[in-house]
Amino acid sequence: MSGVLVWDITPCCLLGVTVGLSLRVSGMLYTFGCLVLPSLAARSFCRNARSVLIAAPITGLFTCAAAFVLANHYDQSPGQTAVAAMCGAAALASLGRMAWRRGSGAGV
């Protein structure tokens, strides 16, 4: 097997195992919320893919940490609270981007 093929197959297999195990442990809503929503929020305020790769985990980490604290304080489910907070962060980032574009006179 060539080295390139190994470097193509290994990350795909590791990603599949990771997503499969996280689905089993934490559930579909939390897993896909943590996969999709932070990158959606980061995409709204980043200019290139490299900065999205840096900003998305940071956004997810801080949003989930704040949501877990709020869920503990108000005795709510932490997974659903975290997904709701990430939805809010993605919506605020999108609204902020639209407001910034409208204020700067740039087109959509």
Looking at region 37-57, is at least one residue at pLDDT below 95, among the polar types (S, T, N, Q) and assigned to a helix (DSSP H, G or I)? yes
Residue under evaluation Arg102, criteria (1) surrounded by fewer than 14 Cβ atoms within 10 Å (Cβ to Cβ); (2) modelled with pLDDT of 95 or more; (3) part of a helix (DSSP H, G or I); (4) not hydrophobic (A, V, I, L, M, F, W, C), criterion not met: (2)
Given (1) outside any helix (DSSP H, G or I); (2) at negative phi, Ala67 misses just (1)
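For Ala67, state whether it is surrounded by 19 or more Cβ atoms within 10 Å (Cβ to Cβ), in contact with a Leu (Cβ under 9 Å, 6 or more places away or on another chain) and not acidic (Asp, Glu).
Taking the combined requirement at face value, the residue does not satisfy it.
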Please name all residue pairs, on different chains or six or more residues apart, with Cβ atoms under 6 Å, provided the first residue is in region 72-100 and is free of Cβ contacts under 8 Å to residues at least 12 places away in the same chain and over 13 Å from Arg43 (Cβ atoms) and the second residue is of a type outside the set (Phe, Trp, Tyr) and assigned to a helix (DSSP H, G or I). Pro78/Ala71
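Within the group Gly60, Gly96, Gly79, which residue is out of contact with any Gly (no Cβ under 7 Å at 6 or more places or on another chain), in a helix (DSSP H, G or I) and buried (at least 16 other Cβ atoms within 10 Å of the Cβ)?
Step by step, each of Gly60, Gly96, Gly79 is checked, and only Gly60 is out of contact with any Gly (no Cβ under 7 Å at 6 or more places or on another chain), in a helix (DSSP H, G or I) and buried (at least 16 other Cβ atoms within 10 Å of the Cβ).
The values are calculated or read from the model by the stated rules, or taken from the named source; none is laboratory data. Not measured: the values here are computed from a predicted model. No Cβ is skipped: glycine too gets one built from the backbone with ideal geometry, and neighbour counts run over all protein chains shown.
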